[in-house]
Amino acid sequence: MSRPDTDHLLLPDAEADVRPSPQGAAARRALLAHPVVLLIGIVLAALNMRAALASVSPLVSDISQSFGLSSTASSLVTSVPVLFLGLGALVAPWLARRFGSEPVLLFALLLLAVGILVRVAPSTVALYGGGVLVGTAIALLNVLMPGLIKRDFPDRAASMTSVYTGAMIAGATLVAASSVPLEKAFGGSWEASLAVWSLLAVLAAVAWLPQVLIARGRTGHEVRVTSTRSGSGTGPGSASGATGKSVWRSALAWQVTLFMGLQSLWSYVLIAWMPTIFTDHGMSRSTAGVIFAFNNLIQVAGAFAVPLLAGRMRSQRPLIVLVTSLVAAGYAGLMIAPVSGAWLWAGVLGIGQGGAVGLALTMIVLRSGDAQTAARLSGMAQTVGYLLAAVGPLAAGAVHQATGGWTIPIALVLGVCAAALAVGLFAARDRTV
């Protein structure tokens, strides 16, 4: 079976089955005449894609104390946004095709700013409701940003992906390291520490406004790409592009999706609970926050190297073994020596986490036979994957509350690593959906 053109399919595009009219093409040329404006917008938007999630984890104990939350209820503070990462991914492609990527991204950034502010209101309803808004906004950014880069920088998609991925991780690192110091600077107010990051979302929205104005003539001018049936295939507007087979009925698509979900699950458990694991074993909150930031930063290494290796291999099975083993080793370290080996485990986990998410996204492309299939497989993987991932923080918090420790929750995540290894070995075969 022939391999897809991975340079062309480097990034799934939510607008892959939309063709601009002459008016839309003219608007696109006008926008690309201002590449610096576009680049600034991409970087600022990417800074926000993990910041609102990473800001909560170092402060979860204070949030719990303020509202008198149990461990299970506290886990919902991080689980609710992750749940809506999946639900939001369902509507993102439709919104992009209906209104265009630029207006939807502007809306997402404004929604993110509002969600951050709602989350710090003095009410548990607002705490969780703000999480709904934050998760929905980040879902729109997650789904639309790769496709926008592919559409606007087709000859530089790899380098631009590095830029936006690096900015995303830099944002998470900055926020994780700053949350506790900001809380202290604001007189012990975790609310102010969280709320300040709404300014970053507003700044990014301001940067996107010129792009929306330039591209405004494009909205409503797109038409569906259609084609006649040829042989056994169907047109690219069908459920799976040229194959005529829905991705939802493909075993390979489910294997890719489950690997995406399981690696997301182990990552969001860490996003929710890593600083708490350290502080429960006697580490100061400031030090735990810095180590958590280091974990985010070191993910750049894995996220950069693993996709490059994956694209040069017919089967990615060795990489599946590598990333799952690194994550399993890091979690085992957190179980055995969480404080004395904290920096080592954070580094090992970071390389494994970054490599796993990079590999999961790369396999979406490598397992897809055409651009339309890549877009639909991406939507399936993100929707189901994030819904599955939302179970992680909630389950870990509930088991921690029931057992009074972190040994059993971590042991369960090690079981997730084993499941990810098994399903990943099937997903990594040299086949296409």
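Screening Arg98 with (1) more than 19 Å from the chain's Cα centre (by Cα); (2) open to solvent by less than 10 Å² (accessible area, probe 1.4 Å); (3) over 16 Å from Ser55 (Cβ atoms) gives one miss only, at (2).
Residues that are within 15 Å of Ala428 (Cα to Cα), open to solvent by less than 10 Å² (accessible area, probe 1.4 Å) and outside any helix (DSSP H, G or I): does segment 355-372 have at least one? There is at least one residue in segment 355-372 that is within 15 Å of Ala428 (Cα to Cα), open to solvent by less than 10 Å² (accessible area, probe 1.4 Å) and outside any helix (DSSP H, G or I). Within segment 277-332, being charged (D, E, K, R), modelled with pLDDT of 90 or more and over 24 Å from the mean Cα position of the chain (by Cα) holds for Asp280, Arg285. Residues in segment 56-92 that are within 20 Å of Val269 (Cβ to Cβ), open to solvent by 10 Å² or more (accessible area, probe 1.4 Å) and outside any helix (DSSP H, G or I): 2 in all. The one condition from (1) outside any helix (DSSP H, G or I); (2) farther than 24 Å from Ser178 by Cβ that Leu326 does not meet is (1). Of all residues in segment 193-209, those satisfying the criterion of being in a helix (DSSP H, G or I) and open to solvent by 30 Å² or more (accessible area, probe 1.4 Å) are Leu199, Leu200, Val202, Leu203, Val206, Leu209. Identify all residues within segment 121-140 that are among the polar types (S, T, N, Q) and part of a loop (DSSP other than H, G, I, E, B); write none if there are none. Answer for segment 121-140, where residues must be among the polar types (S, T, N, Q) and part of a loop (DSSP other than H, G, I, E, B): just Ser123.
Filter segment 255-308 down to the residues that are in a helix (DSSP H, G or I) and of a type in the set (S, T, N, Q) and list them by number.
Gln255, Thr257, Gln263, Ser264, Ser267, Thr276, Thr279, Ser286, Thr287, Asn295, Asn296, Gln299
Go through the residues of segment 379-402 one by one and say whether even a single one is polar (S, T, N, Q), at pLDDT 90 or above, part of a helix (DSSP H, G or I) and open to solvent by 30 Å² or more (accessible area, probe 1.4 Å). The answer is yes, given that some residue of segment 379-402 is polar (S, T, N, Q), at pLDDT 90 or above, part of a helix (DSSP H, G or I) and open to solvent by 30 Å² or more (accessible area, probe 1.4 Å).
Residues that are of a type outside the set (A, V, I, L, M) and modelled with pLDDT of 90 or more were ranked within segment 38-60; the one that is farthest from Trp208 (Cα to Cα) is Pro58.
Quick check on segment 335-350. Is at least one of its residues polar (S, T, N, Q) and either surrounded by 24 or more Cβ atoms within 10 Å (Cβ to Cβ) or touching a strand residue (DSSP E or B) at 6+ places or on another chain (Cβ under 6 Å) (or both)?
Of the residues in segment 335-350, the ones polar (S, T, N, Q) are 340.
Okay, now just the ones that are also either surrounded by 24 or more Cβ atoms within 10 Å (Cβ to Cβ) or touching a strand residue (DSSP E or B) at 6+ places or on another chain (Cβ under 6 Å) (or both), so none.
Checked segment 335-350: no residue is polar (S, T, N, Q) and either surrounded by 24 or more Cβ atoms within 10 Å (Cβ to Cβ) or touching a strand residue (DSSP E or B) at 6+ places or on another chain (Cβ under 6 Å) (or both).
When segment 329-354 is filtered for residues that are in contact (Cβ under 8 Å) with a residue 40 or more places away in the chain, in contact with a Phe, Trp or Tyr (Cβ under 8 Å, 6 or more places away or on another chain) and in a helix (DSSP H, G or I), the ones remaining, listed by number, are Tyr331, Leu334, Met335, Ala342, Trp343, Ala346, Gly347, Leu349, Gly350, Gln353, Gly354. Residues of segment 300-324 that are over 13 Å from Gln263 (Cβ atoms) and either free of Cβ contacts under 8 Å to residues at least 40 places away in the same chain or of a type in the set (Phe, Trp, Tyr) (or both): Phe304, Leu308, Leu309, Arg312, Met313, Pro318. Screening Leu144 on (1) without any contact (Cβ under 8 Å) to a residue 40 or more places away in the chain; (2) more than 24 Å from Ile298 (Cα to Cα) shows it passes everything except condition (1).
The one condition from (1) open to solvent by less than 50 Å² (accessible area, probe 1.4 Å); (2) modelled with pLDDT under 95; (3) under 22 Å from Tyr386 (Cβ atoms) that Trp248 does not meet is (1). Screening segment 155-187 for residues that are more than 22 Å from Asn295 (Cβ to Cβ) and touching a residue at least 40 places away in the same chain (Cβ under 8 Å) and picking the one that is most open to solvent (accessible area, probe 1.4 Å) gives Ala158.
Annotation: Thr78 fulfils all but one of (1) closer than 25 Å to Ala288 by Cα; (2) over 16 Å from the mean Cα position of the chain (by Cα); (3) among the β-branched types (Val, Ile, Thr); the unmet one is (2). If you go through segment 404-419 and pick out every residue that is open to solvent by 30 Å² or more (accessible area, probe 1.4 Å) and part of a helix (DSSP H, G or I), you end up with 8.
The values are calculated or read from the model by the stated rules, or taken from the named source; none is laboratory data. Model, not experiment: these values are computed from the prediction. Please note: Cβ atoms are built from the backbone with ideal geometry, for glycine as well, and neighbour counts cover all protein chains shown. Just the protein is used for accessible areas: all its heavy atoms, side chains included, with ligands, DNA and RNA removed. Shrake-Rupley method; radii C 1.70, N 1.55, O 1.52, S 1.80 Å.
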